[in-house]
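The values are calculated or read from the model by the stated rules, or taken from the named source; none is laboratory data. Nothing here was measured: the structure is a model prediction, and the numbers come from that model. When we count neighbours, we look across all protein chains shown, and the Cβ atoms used for this are built from the backbone with ideal geometry, even at glycine. With ligands, DNA and RNA removed, areas are computed over all heavy atoms of the protein, side chains included. Shrake-Rupley method; radii C 1.70, N 1.55, O 1.52, S 1.80 Å.
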Amino acid sequence: MTHDHDLVLRPTAAQTEAALNPPPGRTGGDLVVESLAALGATTVFGLPGQHALAVFDALRRSDLRYIGLRVENNAGFAADAYGRVTGEAAPLLLSTGPGALTSLAALQEARAASAPVLAICSQVPTAGLGGGRHGHLHELPDQAASFRGVVKSVHTARTQSQIPSAIAEAWTSALTVPHGPVWVEIPQDVLLAETSIPVVSGGDTFPEELPPRPELTAVAADLLTRAERPAIVAGGGVVRADAAKKLRQLAELIQAPVVTTYGGKGAFPWTHPLSLQSWLEDRHTTDFLEDADVLLVVGSGLGELSSNYHTFAPRGRVIQIEADLGKLESNHPALGIHADARLALQALLETVGERTDPAAPDRVRQVLDRVGARIAAQDLTLEQDVLAAVRKALPPRAPSFWDMTVLAYWAWSAFDAKAPNTMHSAQGAGGLGYAFPAALGAAAADPTHPVLAVSGDGGALYSVAELATARQYGLNVTWLIVDDGGYGILREYMTDAFGTPTPTVTDLPGPDFVALAESFGVPGVRTSPETLETDLAKALAAPGPSVVVLPAVLRMFAPTHAE
C-alpha cells in the first residue's frame, strides 16, 4: 500500500537543469528570498541593516514585493496586519541587535492576536556566536533569548544548507493553529557567502489541523441541546478560523444569544435578533452571561477585557473551545476542548439537537435596552456622534485599524464591524502606535478597499514617520487622528485613581498634524464633529494616503467592573 507521505515529487527537466547549473553570483541571502517565494510569499516587510544586506540585495533578483517601513516596530505591525487580513505568513526582514529588539512590541501583539508573522533576522558572524564578548557591531550574548518568550518558535540556520529547511519549518509553525509570530536567525557571514546550492524550488508545507476530540464534542452537544438558557461568547478564534457562518448556524439552531469579544468583532451579525453585540464592559451583559446555565466560549481565553476585568463569575456549565492550549481553562473551570474553532463548531453542528426558544430575542433586547439606558444617562452624545460618523463614512467591507485611544475603546463595545476580519486593534498586547502601520500592511494586502486607521495624538507620534512609507508606495490609507492634546485615557485613569492627573505626564504639546502630513506630501484636513462624516468619507474615497485631524476631547463611559 502506498501512503501519501511515501510519495516523492520527481523534479521536472527544467528543475533538474536549474539544480545542476545554478546561476552565478547568488549568496545565502538568495536562499532566504528563494525559500520565501517557494513557500508562496509575494510581499515582504522590513528595514535594512548592515548584517542583513545580503537578503535585501537578493530582493533585486526576485519577484517579491518589498514594503520598507521607517521603524522596525512599525514594520512588525504592518506584517501583523497583512497576516491577519490574508491568513498567510507575513515575512518580516530585520537586522541584528537594535533593529531586532525594536520589533519586540509588534511581535508581542502578533502573538497575543495570533497573527502569522515570519520574522527573519541576521546575526553576528558565526565565529561570534555562543555568548562570547567579541565586540561585533550589534552583538548580544544571546539574541534569540530576547524573543523566546514572545514568539511561538525560534529557528536558527548556521549553514547555508540549513536555510530552506529552517524557513519552511518556521513557516509551518506560524500557520499551525494557533497562528503566531516565529523567529529565524541567520549569521551575517552565512548570508554574505556565495552559494552553489541549487535554486530553492520546493517549498510545500502542511500545517497541522487541530480537530476536536469527538467524545468532548458529544458531551458539549448534549449540554447545549438540554440547556434552558444557553449563551455564546465568540472570540477572535472564530474570526481567525473563518468560522463566522458556522457560529451563526449553531446560534440559530440552539437559539443562543451571542456576545463577541473585542478581538472577535464581526464574528456575529451586529443587528441579528440573538446579538448581544460587544458590550462586555457592562454589568448588564456580565449578569446575563452569568445567568446562562450553559455558556459556550469559542476562540477566547476569557481574559481581562473579555471578562469585565475578571469580575465575570459564571454560575452555569462552561464549554470552552480554544486552539491555544495555554488559554484552555486558564480563568474558569470548563469542559475544555482543544481545537480549531471552525472544526469544533462543525462537529457541534453535526451532533447538537435543535432548540426552540421564542423568548431569546426578547431577553437580548432587554439587555441592550438596559445598556443603552446606562450610556444615555452619562451625557456622552459627542462620543456617540463621532463614532456614528466614522461608521457612516467607512464603506461596509473596508477594514479599520484602531490604536489604544479613547475612540477605540468606544469602538470595542459600540462599533458595528459589519463583517468578520474587518476591525482590528492592538488590544491583544495593548501597545501604542499600532493603527497606522497596521493599516499600511492591510492596504498592501488588499488594494481594492480603502483602509481606515484611527489614533490619538499620543499614538500617532509613535508612527508618524510612516507617512513617508504611505506616500512612497501610494497605499490607500486614511488616518483619522483624534487630537486631545495628550494621553486622554491616562488622564481619566489618573483622575479616577488619584483625583487629578499629572499634566507633565498626560499632556502632550504636539505638532500641527495637518501641516506635518502635508510636509510628507500627504493631503491633510482639519475637521470637526459636525463635518467628520463628510470629510472622512471624502478622504476614504480619494486614492492614496490622507490624514483627517479631529481636535476633540472624548470621554469614556463609566466602567462597571469597579462597582
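Residue-by-condition table, conditions (1) hydroxyl-bearing (S, T, Y); (2) touching an Asp or Glu at 6+ places or on another chain (Cβ under 9 Å); (3) within 21 Å of V464 (Cα to Cα):
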site	(1), (2), (3)
N476	no, no, yes
D484	no, yes, yes
G488	no, yes, yes
T495	yes, no, no
P503	no, no, no
D507	no, no, yes
A515	no, no, yes
P529	no, yes, no
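Among the numbered conditions (1) open to solvent by 30 Å² or more (accessible area, probe 1.4 Å); (2) in a helix (DSSP H, G or I); (3) under 30 Å from F520 (Cα atoms), the only one that V55 does not meet is (1). When segment 322-367 is filtered for residues that are free of Cβ contacts under 8 Å to residues at least 40 places away in the same chain, more than 32 Å from the chain's Cα centre (by Cα) and assigned to a helix (DSSP H, G or I), the ones remaining, listed by number, are D362, Q366. Of all residues in segment 466-483, those that are in contact (Cβ under 8 Å) with a residue 40 or more places away in the chain have Cβ atoms under 6 Å from Cβ atoms of residues that are assigned to a strand (DSSP E or B) and surrounded by fewer than 18 Cβ atoms within 10 Å (Cβ to Cβ), 6 or more apart or on another chain, in D483/P551.
All of (1) surrounded by 15 or more Cβ atoms within 10 Å (Cβ to Cβ); (2) of a type outside the set (K, R); (3) closer than 18 Å to G29 by Cβ hold for V150 with one exception: (3).
For segment 487-509, enumerate the residues that are in contact with a Gly (Cβ under 7 Å, 6 or more places away or on another chain) and not in a helix (DSSP H, G or I). Can you show your working first?
Keep residues of segment 487-509 that are in contact with a Gly (Cβ under 7 Å, 6 or more places away or on another chain), which gives 487-488, 506-508.
Answer for segment 487-509, where residues must be in contact with a Gly (Cβ under 7 Å, 6 or more places away or on another chain) and not in a helix (DSSP H, G or I): Y487, D507, L508.
When you check L247 against the structure, is it in a helix (DSSP H, G or I), open to solvent by less than 50 Å² (accessible area, probe 1.4 Å) and farther than 21 Å from L325 by Cβ, yes or no? Spell out how you get there, then give the answer.
On the way: in a helix (DSSP H, G or I): yes; open to solvent by less than 50 Å² (accessible area, probe 1.4 Å): yes; farther than 21 Å from L325 by Cβ: yes.
Yes.
Filtering segment 317-346 to residues that are under 12 Å from V177 (Cα atoms), in contact with a His (Cβ under 9 Å, 6 or more places away or on another chain) and either open to solvent by 50 Å² or more (accessible area, probe 1.4 Å) or of a type in the set (G, A, S) (or both) leaves A323, L325.
Set side by side, the residues S196, S165, S161 differ, and just one is open to solvent by 60 Å² or more (accessible area, probe 1.4 Å), in a loop (DSSP other than H, G, I, E, B) and either in contact with a Gly (Cβ under 6 Å, 6 or more places away or on another chain) or among the hydroxyl-bearing types (S, T, Y) (or both), which is S196.
Being open to solvent by less than 60 Å² (accessible area, probe 1.4 Å) and in contact with a strand residue (DSSP E or B) (Cβ under 6 Å, 6 or more places away or on another chain): is that true of D483 here?
Yes: the conditions hold for D483.
Filtered by the rule that a residue be buried (at least 24 other Cβ atoms within 10 Å of the Cβ), under 20 Å from L407 (Cα atoms) and in contact (Cβ under 8 Å) with a residue 40 or more places away in the chain, segment 263-276 gives G263, K265.
Flag set for A313, criterion: outside any helix (DSSP H, G or I), open to solvent by 20 Å² or more (accessible area, probe 1.4 Å) and not aromatic (F, W, Y). Residue count for segment 393-427 under the criterion of being outside any helix (DSSP H, G or I), small (G, A, S) and closer than 21 Å to T285 by Cβ: the result is 2.
For G433, are the conditions met, namely being crowded, with 24+ Cβ neighbours inside 10 Å and on the phi > 0 side of the Ramachandran plot? Write out each step before concluding.
On the way: crowded, with 24+ Cβ neighbours inside 10 Å: yes; on the phi > 0 side of the Ramachandran plot: yes.
Yes; evaluated as a whole, the condition is true for this residue.
Only one residue in L289, L302, L295, L349 is on the phi > 0 side of the Ramachandran plot and either in contact with a Leu (Cβ under 7 Å, 6 or more places away or on another chain) or surrounded by 21 or more Cβ atoms within 10 Å (Cβ to Cβ) (or both). Which one? Before you say what the answer is, go through the steps one by one.
Values: L289 fails: on the phi > 0 side of the Ramachandran plot; L295 fails: on the phi > 0 side of the Ramachandran plot; L349 fails: on the phi > 0 side of the Ramachandran plot.
On inspection, the qualifying residue turns out to be L302.
Screening the candidates T478, T500, T495, T504 for the property of being modelled with pLDDT of 95 or more and either in contact with a strand residue (DSSP E or B) (Cβ under 7 Å, 6 or more places away or on another chain) or surrounded by fewer than 18 Cβ atoms within 10 Å (Cβ to Cβ) (or both) yields one hit, T478. The selection criterion, being in contact (Cβ under 8 Å) with a residue 12 or more places away in the chain, surrounded by 23 or more Cβ atoms within 10 Å (Cβ to Cβ), in a helix (DSSP H, G or I) and not hydrophobic (A, V, I, L, M, F, W, C), holds for T217.
Restricting the first member to segment 486-514 and to residues that are in contact (Cβ under 8 Å) with a residue 24 or more places away in the chain, and the second to residues that are open to solvent by 80 Å² or more (accessible area, probe 1.4 Å), the beta-carbon pairs closer than 6 Å and six or more apart or on different chains are V514/R526.
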